[in-house]
DNA sequence: GATGAATGAGGGTTCATTCAT
DNA sequence: TATGAATGAACCCTCATTCAT
C-alpha cells in the first residue's frame with residue numbers, strides 16, 4: 001500500500017514536472033497531469049491539496065536535489081577545481097532541464113509560501129558558494145558568490161531558449177565561466 | 001484626435017506597465033488596467049488587439065528604452081569606464097523597476113511572438129556588449145558578454161526581492177561587478 | 001439602461017424564485033436560472049455576487065412583501081376581524097406559493113447572514129402580531145402571537161404537500177384558526 | 001455477527017443523526033459520518049444503500065420513536081391532561097433535539113420516498129391527536145389537531161434557534177399552549 | 001471613438017460511490 | 001465483512017472579448 005502510494009505520488013510529481021515545466025503553471029491543467037500520470041483527475045487531490053501545492057512540491061523536489069548534488073560536487077578538491085565543478089553542475093543541471101524551463105519562469109504568482117521557498121533556495125545556494133569562496137579567502141565572498149551564480153544563470157539562457165544548442169558548447173562555457181570568475185576577462189585559463 | 005489617441009494609448013501602456021509589472025500577466029485583469037487608465041474596458045481593445053498584444057507592447061516599450069539608454073551610456077569613454085557604466089545602467093535600470101519585477105518573471109506563456117522578441121532583445125543586448133568587448137580585444141567576446149550580463153542579472157535579484165535594500169549598496173555592487181569582470185575575483189580594484 | 005438593469009434583475013429574481021422555490025437551494029443550478037431568465041450564466045454574476053447572495057435576495061424580496069401586506073391587512077378593523085385577516089393573509093400567501101415551498105424548507109445551510117435575516121423576519125412578524133394582541137389586551141401577548149403563527153404554519157402544510165387541496169377548504173381553515181385562537185377548541189364561532 | 005451488525009448499524013445511525021442533524025443533508029459528508037462511527041467510509045455502504053437511504057433511516061428511527069412516546073403519554077388520563085401531556089412531549093422532544101434541528105429543516109430534496117414518509121408521519125401524528133379530540137367530542141377534530149400541532153411547532157422555534165433559551169421557559173410554554181388550545185387566548189388557565 | 005452590459009468557454013475542486021484486496 | 005484508494009461527474013465562478021448604443 002505504501003509502495004503504491006509512493007509510486008503514484010511519484011508518477012504525479014513526474015507528470016507535473018513535465019507539464020508545469022513545459023507550459024508553466026497557468027497554462028497547465030490538472031486534468032492533463034492526471035492523464036499523463038495515468039490516473040483520474042480526482043486522484044491528484046488525494047496526494048496534493050491543490051494545484052499550487054503540487055507545483056510547490058515539484059519545485060521543492062527539484063531544488064533540493066540540486067543542492068544535494070552541489071554539496072557532493074565540491075568534496076575533496078582544490079578551490080579552482082571547485083569553481084569549475086560548480087559551474088559545470090549548474091550548467092549541466094539546467095541543460096538537462098532545458099525543455100522544462102517553465103518551472104523556473106512561470107510560477108504561480110502571489111503564492112507567498114512559494115516565493116519564500118524560492119528566496120530560501122537562492123539563499124542556500126548563495127551561502128554554499130560563499131562558504132567555498134571564504135575558505136579560499138576571496139574578498140567580499142557573498143557578493144562574489146552572487147555574481148558567480150549570476151554569470152551561470154545568464155549563460156544557461158543560451159540553451160534554455162535555443163533548441164539547436166549543442167552539448168559541446170556546454171564545456172567551453174563552463175571553462176569560460178570558471179576562468180572568468182577566477183581571473184577576469186583577460187585572464188589566461190589556468191587549466 | 002491623433003494626439004488624443006496617443007494620450008490614451010500611453011495611459012493604457014502606463015497602467016498596464018504598472019499592473020502587469022506588479023502582478024504578472026496571469027493575475028492581471030484588463031478591467032483593472034482600464035480602471036487605472038481612466039477609461040472603459042472596451043476601449044482597451046480599440047488600441048490593443050488582445051491582452052497578449054498589450055503585454056507585448058509594454059515589454060517592447062520598456063526594452064527598447066533600455067537599449068537606447070545603453071548605447072548612450074558608453075559613448076566617448078575608455079573600456080574600463082564603459083564596463084562600469086554598463087554595469088551601472090543595468091543595475092540602476094532594474095533598481096528603478098524593482099517594484100515591477102513581474103514584467104520580467106511572469107510573462108504570458110506560449111506566446112511565440114513574445115518569446116521571439118525576448119530572444120531578440122537579449123541578443124541585441126549581448127551583441128552590444130560583445131562589440132564593446134571586441135573593440136577592447138577581449139577574447140571570446142560573445143561568451144564573456146553573456147557572462148557579464150549574467151552577473152548583473154543575478155546581482156539585481158538582491159533588490160528585486162528585498163524591500164529593504166538601500167541605494168548605497170547599489171554603487172558597491174556596480175563596482176564589484178565591473179572589477180570582477182575586469183580582473184577576476186582576486187583582482188585589486190582599478191579605480 | 002437603468003430600466004434594462006431593473007428588468008434583468010427582476011427577471012433573474014423571478015427565475016430564481018421559481019427554481020429555488022421548486023427544487024431548493026442545493027438542487028438548483030445557476031445555469032438553469034440563467035436559462036429561465038433568458039440570459040447567459042455569467043450575467044447572473046453581474047447582478048448577484050454568488051448563488052447564496054441570489055438566494056438571499058429572493059428570500060428578502062418575498063419576506064418583505066409579506067410584511068408589507070400584513071401591515072395593510074389589519075388597518076381599520078376590530079380585533080376579531082384583525083385575527084381573521086391575518087390568518088387569511090398567512091394561509092393565502094402560502095397557498096399562492098404552494099409550488100414554491102422549497103424556498104422556506106431548503107435554504108442554504110451555514111449561511112449566517114441568511115439565518116440572521118430569517119430570525120429577524122420571524123421576529124418582525126411575531127412583533128407585529130404581538131402588538132395587535134397587546135392592543136386587545138391579551139395576556140402573554142408574545143407567546144400567544146407565536147402560538148397563533150404556529151397554528152397557521154402547520155395548517156398551511158396541508159396544501160404545501162398536498163396537490164389536491166382545494167381552495168374552498170382554505171376559507172374553512174382560516175375561520176377555524178381564528179376562532180380557535182379567539183375562543184379555544186370548544187368555542188362557538190363568533191362570525 | 002448479527003449482534004455486531006446491529007452494533008455497527010446503530011453506530012452509523014447515531015453518527016448520522018448527529019451530523020445530519022447538525023449540518024443538514026447537503027453539508028454532511030459520508031466520510032465524516034464514517035469517521036464519527038469509527039468505521040471506514042466503504043462500510044457505510046454495506047449497511048445503507050446511499051446517502052439518501054441513510055438519511056431516511058435516521059429520520060424514520062427518530063419519528064417512530066416519537067410516535068411511540070406519544071401513544072404512551074396519553075394513557076389513562078382525562079382530556080385536559082392529555083392535551084397538556086402532548087404539548088409537553090412535543091416541546092420537550094424538540095428541546096432535547098434543539099442542536100439537531102437540521103434533521104427537520106435540511107432534508108434531501110427531490111426524494112419522493114422521504115417526502116412520502118414525512119407526509120405519512122405527519123398524518124399519523126395528526127390522526128393520533130384527532131382521535132384524542134374526537135373522544136373528547138371536539139368539533140372539527142382533524143383541523144383542530146393540525147392547529148394544535150402547528151402551535152407547538154411554532155413555539156418550538158424559540159429554542160431551536162435560540163441558544164440561550166432556558167428550560168424553565170419550556171414549562172410556561174407548555175401550559176400556555178395547552179390552555180390556549182383549550183380555552184382560547186382569553187381563557188383563564190384551568191390548572 | 002467610447003462605453004460597459006452581456007457573453008460563455010473553461011478549469012479547479014468536491015465527494016458519493018465503487019471495487020480490488 | 002471491512003477497507004480506503006480511486007474514480008469522474010458535476011457545478012460554481014472568472015474574465016477576455018464582443019457589440020449595440
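The values are calculated or read from the model by the stated rules, or taken from the named source; none is laboratory data. Everything numeric in this text was worked out from a predicted model, so none of it was measured. For neighbour counting, all protein chains shown are included, and Cβ atoms are generated from backbone atoms with ideal geometry for every residue, glycine included.
Out of the residues in the range A:168-191 meeting the condition of being more than 10 Å from chain B (Cβ to nearest Cβ) and modelled with pLDDT of 75 or more, tell me which one is farthest from residue B:178 (Cα to Cα). Before the answer, list the steps.
First pass over the range A:168-191, keeping only residues more than 10 Å from chain B (Cβ to nearest Cβ): A:168, A:170-171, A:174, A:178, A:190-191.
The next check asks that each one be modelled with pLDDT of 75 or more; those that pass are A:168, A:170-171, A:174, A:178.
Working: A:168: 29, A:170: 25, A:171: 25, A:174: 20, A:178: 16 Å.
Restricting to residues being more than 10 Å from chain B (Cβ to nearest Cβ) and modelled with pLDDT of 75 or more, the top hit is A:168.
Could you tell me whether residue A:85 is touching a residue at least 40 places away in the same chain (Cβ under 8 Å), away from DNA strand F (no atom under 12 Å from the Cβ) and either over 27 Å from residue A:156 (Cβ atoms) or touching a helix residue (DSSP H, G or I) at 6+ places or on another chain (Cβ under 8 Å) (or both)?
Criteria not met by residue A:85.
Name the helices (runs of 4 or more DSSP H) wholly within the range D:1-80 that hold at least 3 residues that are closer than 30 Å to residue D:141 by Cα, at pLDDT 95 or above and within 15 Å of the chain's Cα centre (by Cα)?
Numbers: elements: D:2-23, D:30-37, D:41-47, D:51-73.
Filter on the range D:1-80 gives D:51-73.
Return only the number of the condition from (1) closer than 30 Å to residue B:112 by Cβ; (2) at pLDDT 85 or above that residue A:148 does not satisfy.
Residue A:148 satisfies all of (1) closer than 30 Å to residue B:112 by Cβ; (2) at pLDDT 85 or above except (1).
Look through the range B:20-39, keep the residues that are within 8 Å of DNA strand F (Cβ to nearest atom) and surrounded by fewer than 16 Cβ atoms within 10 Å (Cβ to Cβ), and return whichever of them is nearest to residue B:120 (Cα to Cα).
Step by step, filter the range B:20-39, then rank; the result is B:29.
With respect to residue C:100, determine if the residue is away from DNA strand F (no atom under 11 Å from the Cβ), closer than 22 Å to residue D:151 by Cα and within 14 Å of chain D (Cβ to nearest Cβ). Let's see the steps before the verdict.
Details: away from DNA strand F (no atom under 11 Å from the Cβ): yes; closer than 22 Å to residue D:151 by Cα: no; within 14 Å of chain D (Cβ to nearest Cβ): yes.
No, not satisfied.
Would you call residue A:155 in a helix (DSSP H, G or I) and modelled with pLDDT of 85 or more? Talk me through it step by step, then tell me what you get.
Working: in a helix (DSSP H, G or I): yes; modelled with pLDDT of 85 or more: no.
So residue A:155 fails the test.
Checking the conditions here, which among B:125, B:165, B:117 is outside any helix (DSSP H, G or I), more than 10 Å from every other protein chain (Cβ to nearest Cβ) and either at pLDDT 90 or above or within 20 Å of the chain's Cα centre (by Cα) (or both)? Full working, then the answer.
On the way: B:125 fails: outside any helix (DSSP H, G or I); B:117 fails: outside any helix (DSSP H, G or I).
Within the list B:125, B:165, B:117, the selection yields B:165.
For residues that are surrounded by 20 or more Cβ atoms within 10 Å (Cβ to Cβ), facing chain B (nearest Cβ under 7 Å) and free of Cβ contacts under 8 Å to residues at least 40 places away in the same chain, tally how many sit in the range A:139-149.
Number of matching residues: 4.
For the range A:44-58, give me the residue count where each residue is near DNA strand E (Cβ under 8 Å from one of its atoms), more than 14 Å from chain D (Cβ to nearest Cβ), surrounded by fewer than 20 Cβ atoms within 10 Å (Cβ to Cβ) and over 15 Å from residue A:25 (Cα atoms).
1
Is it true that residue D:111 is surrounded by fewer than 20 Cβ atoms within 10 Å (Cβ to Cβ), in contact (Cβ under 8 Å) with a residue 40 or more places away in the chain and under 30 Å from residue C:22 (Cβ atoms)? Reasoning before the result, please.
On the way: surrounded by fewer than 20 Cβ atoms within 10 Å (Cβ to Cβ): yes; in contact (Cβ under 8 Å) with a residue 40 or more places away in the chain: yes; under 30 Å from residue C:22 (Cβ atoms): yes.
Answer is yes for this residue.
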